[in-house]
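Below you'll find the structure, written out as structure tokens, and then a few comments.
Just so it is clear, none of the values below were taken in a lab; they were calculated from the coordinates. The structure displayed is predicted, hence computed values, not measured ones. We place every Cβ from the backbone using ideal geometry, glycine too, and count neighbours over all the protein chains shown.
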């Protein structure tokens, strides 16, 4: 029964039931029954679906369910549900029968967590300073924007086409893209670009002076950063209409969320301008996803290239199903994209056993690792340390770890897997989503006990693991 997924696919492609039924060669009534899970799909129907809409049937059948199952596991691990004694199979059944309902439950739970966090913050303020009002409930626009990208598989065909059209119309030169962008901005929008000293720009790296018709860039930006920032501003000025149409079709209601989404989509277009889809896809395949070679070829940064790899989802010209994460030295995740069944927790950081934390010790090196989740799912991960420019002693550079990963079955497509024993699952690093959601009882790096276990406190027992629980 995959009715929910079929309906979701139809809506994503903007089709009516009659239009989709016609493409699949079935009656509208039969499709209606399938979408309402009143008819199981046949093998022939699935094959036709995959052929007509160019989808990976294995991912189509499993990804939604796996993603929603991971979300619901996080929800029902909360002690709030302890007395309900929900089994893993109960959660899996819910995710399988109605992914949309599962997402709605998670949305409600997230609102509860945000309300709880804001209430506690307000209570702390009142206890310290009795005369100050409780802080107003603040939305999380960044989370809403990331959810939108996730729901669209990190691919926007309309923006890719618009970027390709702009390349042709503006006649950009791939070897001198920065200069091409400057010329386009001046010719089309009467906007000049000026690079200014840090002491003039202060804490700003890019500013669009609308009245002065200038784009001001800080001297601290590396050449790849300057090109990307010019591509970003070009996206807003030349391709604002397709970006705004996508925002109108999103579920982001707050003005803050819509602004954050606009920035995210403009960055997406900037990536498409710096690394045009067809050329980047061909290069990624030919170079076997070698990040350093791709940064050299497209004059882009490591993070720009790594994230662009996750957007290779064009029907008929797809890349590997990759997940992506960016983390700072404190373990805070500031950017993420889940794929291939890998799940990042919405609340809390990453597993401390995952070797990407140790990437901060090895700048300039690529850290390769095979990791395994508690359910046996095994992934191949690649991590690099990246820096954002600082401005001298008073404002040091920022360091992040950027990591990519895929299901172990796809790892052979990456150059980094050449000397790795991909079939030796016993050598994989055992990790979890994070400490609160992990059931590994023998972990000596655990920072918190799991939410769904009862602690055993014994003053006469000291072990390597910091917690004991039933």
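Go ahead and collect, in residue order, the members of the stretch 8-33 whose backbone nitrogen is under 19 Å from a label point 7 Å along the Cα-Cβ direction of residue 47. From the stretch 8-33, the list is 23-27.
Length gained on full extension, residue 175 to residue 460, computed as 0.36 nm times the residue gap minus the Cα-Cα distance: 95.7 nm. Remark: 369, 278 ranked as 278, 369, counting other beta-carbon atoms within 10 Å and listing the fewest first.
Panel order for 178, 241, by other beta carbons found within 10 Å of each beta carbon, from fewest to most: 241, 178. Of the labelled figures (1) 1.06; (2) 1.01; (3) 0.93, only one reflects Cα Rg over 2.2 N^0.38 Å as derived from the coordinates, namely (1).
Our estimate of slack between residue 36 and residue 287, defined as 0.36 nm per intervening residue step minus the Cα-Cα distance, is 85.9 nm.
At an R0 of 41 angstrom, the distance between the Cβ atoms of residue 296 and residue 86 translates into a FRET efficiency of 0.20. Going from the residue with the fewest nearby Cβ atoms within 10 Å to the one with the most, 351, 443 rank 443, 351. How many angstrom lie between the Cα centre of the stretch 173-201 and the Cα centre of the stretch 336-395? With the stretch 173-201 and the stretch 336-395 each reduced to a Cα centre, they are spaced 34 Å.
If R0 equals 25 Å, the separation of the Cβ atoms of residue 254 and residue 335 corresponds to a calculated FRET efficiency of about 0.80.
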